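S.K.: My structure is below; once you've seen it, I'll send some questions.
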Amino acid sequence: MIEALSKKEIPEASMTQSTDRLRQSNRGAIHVDKVSVEFKRNGQAFSALAPVDLNVEAGAFVSFLGPSGCGKTTLLNVISGMLRPTTGSVQIDDTPVTRPIPLCNVVFQQHSLFPWMKVIDNVAFGPQQLGDGDPEGTARTFLSLVGLDKFATLYPAQLSGGMQQRVAIARALATYPPVLLMDEPFGALDAQTRTIMQEELLKIWANFSTTVIFVTHDIDEAIYLSDRIVVMRTAPGSVKEVIDVPIPRPRTPKIMQSEVFSRIRLRVIDLIREETLKIFNSTER
Amino acid sequence: MLTVHPRLLEPDDPVERTPVDRTQADRTQAERIAAAALPGTATDTTAPASPPEPVVVAAPLPARQGLGARLLAALPGMLSAALSLGLFVAFWYFATKYKLDFYIRFNNIPSPGEVWQNAVILSDSVRFYENMAISMRRILFGFGIATVLGIALGLLIGQYRPVRALLFPVFEVLRPIPAIAWVPMAIMLWPSNETSIVFITFLGSFFPILLNTIHGVNSVDPVLVRAARCLGASESALLRQVILPASLPHIFTGLAIGMGVAWVSLIAAEMISGQYGIGYFTWEAYSLIEYADIAIGMIVIGVLGLACSGAIRLVGNALMPWLASQRGAEK
Ligand SMILES: Nc1ncnc2c1ncn2[C@@H]1O[C@H](COP(=O)(O)OP(=O)(O)OP(=O)(O)O)[C@@H](O)[C@H]1O
Ligand SMILES: [Mg+2]
């Protein structure tokens with residue numbers, strides 16, 4: 001078990017030459033099996049997720065796209081074990097997820113750092129909970145991974161939004177989770193910072209064979225980052241279509257001008273438009 | 001609403017990580033990864049340009065000014081404060097000198113001069129200092145116990161639904177009863193006068209502390225709780241390392257209010273049932289027709305109360321250093 005959890009050795013070469021999209025990784029495969037979620041709304045049952053079936057292979061980078069309210073966050077909550085599904089089940093590798101277990105950490109949109117802890121203590125929090133012998137040292141390593149080792153002793157409020165999100169990423173990675181869930185992690189950032197953060201994320205991810213589930217409203221961002229894009233149907237939420245992104249890695253912003261990129265983009269826009277119109281028409285009536 | 005979850009990592013949990021087995025291998029690898037991902041390293045050639053050197057957004061501290069400049073800046077405030085106090089004392093002086101009598105009667109009110117004379121005499125009296133010390137001790141015990149119990153119960157009631165269901169109704173019924181109303185009951189309940197006065201002081205401060213702690217727990221950002229649980233926090237770690245610090249600002253609001261009410265309750269209790277204490281001293285001065293001593297008692301009570309509130313603010317600032325940087329960031 002320990003063996004499976006410790007990081008896979010990554011040959012140096014894979015950093016620059018891992019052009020195969022679905023990289024081989026031995027952990028972090030997600031199996032979502034007929035998951036549905038119902039909420040009570042004014043005493044009435046309200047179906048937020050229709051049965052969702054989804055398999056994510058270990059080490060993949062998958063984005064969820066869909067109109068607001070289609071259940072992306074709800075699905076993430078089920079995967080992380082924060083929310084018990086009404087029916088169905090989730091497995092990460094061979095472990096059924098029934099409560100929050102440190103198999104997947106979440107990076108939220110913003111303000112998720114502990115404001116009373118210095119940056120270093122925020123990152124050390126996870127390792128400390130899991131009995132890491134040297135949480136501070138681990139935290140330092142991960143802070144330098146996101147280029148913020150010089151800011152270790154500041155409080156989160158003293159950092160810019162982009163830096164706070166980098167700390168949040170470092171904190172989420174510091175327990176070596178097989179799965180990283182990101183819920184609109186760059187949604188609150190300005191366009192320039194966002195672009196830089198995307199490149200940074202790809203660099204970090206290239207070295208961590210972590211499965212990433214990335215929720216966003218930004219179609220370009222989703223295509224640029226992902227191996228696959230899951231477009232969600234709304235009311236109730238379910239998987240509408242899964243689109244492959246066959247663009248080799250490493251990727252640079254230049255790929256946004258490529259023909260494949262625009263083709264995928266048009267397809268995604270069409271799909272989301274369909275869903276958004278559905279909500280629009282149903283509220284019009 | 002997030003409710004209580006079982007402990008995250010059972011001993012037999014398959015995902016439990018053993019640090020001994022893990023850290024060494026992981027550490028070296030993580031370090032290599034970190035080095036590789038850092039801008040400007042050799043392995044990094046194909047990666048896009050690294051982000052510019054990040055900039056600290058909020059300057060943590062304003063530039064330090066010289067002492068003289070700071071005194072000068074504070075001068076207008078100090079002058080207007082002196083004027084305000086001077087006017088008050090002047091009114092007091094003239095009202096007692098001419099024995100104003102317009103519904104409010106200044107006939108028996110001691111003048112500032114008399115008060116000063118008595119204060120000089122009292123400053124040599126051991127009894128007087130004893131009274132002060134006794135009141136302070138009662139505050140220390142009453143307020144101290146209220147702090148410990150109020151915060152502990154507040155955290156539990158705020159965080160755990162069953163505890164709330166069990167305890168909160170009782171507190172809701174008892175809360176509207178002012179501490180002073182407890183005096184006769186307290187005298188019967190407790191073996192000595194001293195313990196009943198401490199009890200009254202405790203009661204006065206307990207409810208503000210309890211309610212503000214509960215409020216603090218309820219207003220903890222659920223995102224922080226989620227983040228902590230995902231990172232593997234056990235139930236007790238969550239309470240100690242997340243819920244408690246996140247509620248501290250509200251808790252300190254409760255402590256400040258509680259300290260005020262503690263003094264109100266203490267003085268009233270000392271006046272009614274008391275032996276010794278600064279409230280007792282003040283009331284006794286009235287019985288003994290030592291009117292100047294009444295004013296001295298009042299002034300001392302005010303100063304002690306102020307000092308206690310100040311101490312709470314200081315402790316609060318020391319325990320919550322992050323608030324200063326937050327204020328700086330939000331401007
Ligand atoms: N705790 C809850 N109780 C009741 N309804 C909820 C709850 N959480 C979410 N919902 C509802 O479930 C639906 C899906 O919500 P969810 O937050 O998953 O959407 P989302 O896709 O993440 O939206 P966005 O893009 O705006 O973040 C919404 O209609 C929302 O109102
Ligand atoms: Mg959402």
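Just so you know, all these numbers are worked out from the coordinates, no wet-lab data involved. Given the structure is predicted, the values throughout are model-derived calculations rather than measurements. Reconstructed Cβ throughout: ideal geometry from the backbone, glycine too, with neighbour counts over all protein chains shown.
S.K.: Dividing the Cα radius of gyration by the Kirkwood radius, what Rg/Rh value follows for the stretch B:264-312? Write out the running numbers ahead of the final one.
M.R.: On the way: Rg = 11.1 Å, Rh = 10.9 Å.
Rg divided by Rh gives 1.01.
S.K.: Which value in deg cm²/dmol, rounded to the nearest 500, describes the helix-derived mean residue ellipticity at 222 nm for chain A, given -39,500 (n - 2.57) per DSSP H run of n ≥ 4 and division by the residue count?
M.R.: Numbers: 9 runs with 101 residues, N = 285.
Result for chain A, helices only: -11000 deg cm²/dmol.
S.K.: So what are the three principal axis dimensions of the stretch B:58-160 from its Cα atoms, in whole Å, longest to shortest?
M.R.: 63, 43, 35
S.K.: Additional query: Could the peptides A:169-178, A:197-206, B:180-189, B:155-164 be put in order, highest first, of the mean number of other beta-carbon atoms found within 10 Å of their residues?
M.R.: Final packing ranking: A:169-178, A:197-206, B:155-164, B:180-189.
S.K.: A follow-up question, please. Sequence-distant or interchain residues sharing an amide H contact under 5 Å with A:N105, placed H: which?
M.R.: HN-HN under 5 Å from A:N105: A:V179, A:L181.
S.K.: Net charge around A:G81, counting only other residues with Cβ within less than 9 Å of its Cβ (Lys, Arg = +1; Asp, Glu = -1)? Could you put the intermediate results ahead of the total?
M.R.: Details: positive: A:R84, A:R99, B:R229; negative: none.
Summing Lys/Arg as +1 and Asp/Glu as -1 gives +3.
S.K.: Something else: How much length is gained if the chain between B:E172 and B:F102 is pulled fully straight, taking 0.36 nm per residue apart and subtracting their Cα-Cα distance, in nm to one decimal?
M.R.: Working: separation 70, 0.36 × 70 = 25.20 nm, distance 4.44 nm.
That works out to 20.8 nm of additional length.
S.K.: If you don't mind, there's one more thing I want to ask. Hey, if you drop one equal point scatterer on each alpha-carbon of the stretch A:7-283 and run the Debye formula without solvent, what base-10 log of I(q)/I(0) do you get at q = 0.17 Å⁻¹?
M.R.: -1.47
S.K.: Sticking with this one: What's the center-to-center distance, using Cα atoms, between the stretch B:147-188 and the stretch B:203-278 in Å?
M.R.: Cα centroid of the stretch B:147-188 versus Cα centroid of the stretch B:203-278: 12 Å apart.
S.K.: Now for a separate question. Between the stretch A:166-192 and the stretch A:250-265, what is the separation of their alpha carbon centroids in Å?
M.R.: The stretch A:166-192 and the stretch A:250-265 have Cα centres separated by 23 Å.
S.K.: Going from the alpha-carbon gyration tensor of the stretch A:54-199, what semi-axes, largest first and in whole Å, does one get by taking the root of 5 times each eigenvalue? Display every interim value, and only then the final one.
M.R.: Values: eigenvalues 136, 77, 33 Å².
They are 26, 20, 13 Å, listed largest first.
S.K.: While we're on this one: Run the Debye formula on the Cα coordinates of the stretch A:197-285, all scatterers equal and no solvent, and tell me log10 I(q)/I(0) at q = 0.17, 0.20, 0.22 1/Å.
M.R.: Ignoring solvent entirely, the Cα scatterers give -0.76, -0.98, -1.12.
S.K.: Over all residues in B:221-228, what is the mean tally of Cβ atoms on other chains that come within 10 Å of each residue's Cβ?
M.R.: Numbers: counts 5, 1, 8, 7, 2, 7, 13, 6.
What the average comes to for B:221-228 is 6.
S.K.: When Cβ neighbours within 10 Å are restricted to other protein chains, what is their mean count per residue of peptide B:314-326? Intermediate results must be reported in sequence, preceding the final value.
M.R.: Values: counts 0, 0, 0, 0, 0, 1, 2, 3, 10, 4, 2, 8, 6.
Other-chain Cβ atoms within 10 Å of each residue's Cβ, averaged: 3.
S.K.: Shielding by partners for A:169-177, please: the mean number of other protein chain Cβ atoms within 10 Å of each residue's Cβ.
M.R.: Details: counts 0, 1, 3, 3, 2, 2, 4, 5, 4.
The mean count of partner-chain Cβ atoms within 10 Å per residue comes to 3.
S.K.: Could I ask something else about it? What are the ³J(HN,Hα) values, in whole Hz, obtained from phi via the Karplus relation 6.51 cos²θ - 1.76 cosθ + 1.60 with θ = phi - 60°, for each residue of the stretch B:136-151 in sequence order, with x given for Gly and Pro?
M.R.: Couplings: 4, 5, 4, 4, 4, 5, x, 5, x, 5, 4, 5, 4, 5, x, 5 Hz.
S.K.: Next question. Tell me, what is the Rg over Rh of the stretch A:140-208, with Rh the Kirkwood radius over Cα pairs? Provide the component values of the computation, followed by the final result.
M.R.: Working: Rg = 11.6 Å, Rh = 12.4 Å.
Radius of gyration over Kirkwood radius for the stretch A:140-208 works out to 0.93.
S.K.: Amide H neighbours of A:M232 under 5 Å, counting only residues 5+ apart in sequence or on other chains, H built in-plane at 1.01 Å?
M.R.: Those lying under 5 Å, H to H, from A:M232 are A:L65, A:G66, A:K240.
S.K.: Among B:105-115, B:225-235, what's the highest-first ranking by average C-beta atoms within 10 angstrom per residue? Mind dumping the intermediate values first?
M.R.: Numbers: B:105-115: 15.2, B:225-235: 22.9.
Averaged packing, sorted descending, gives the order B:225-235, B:105-115.
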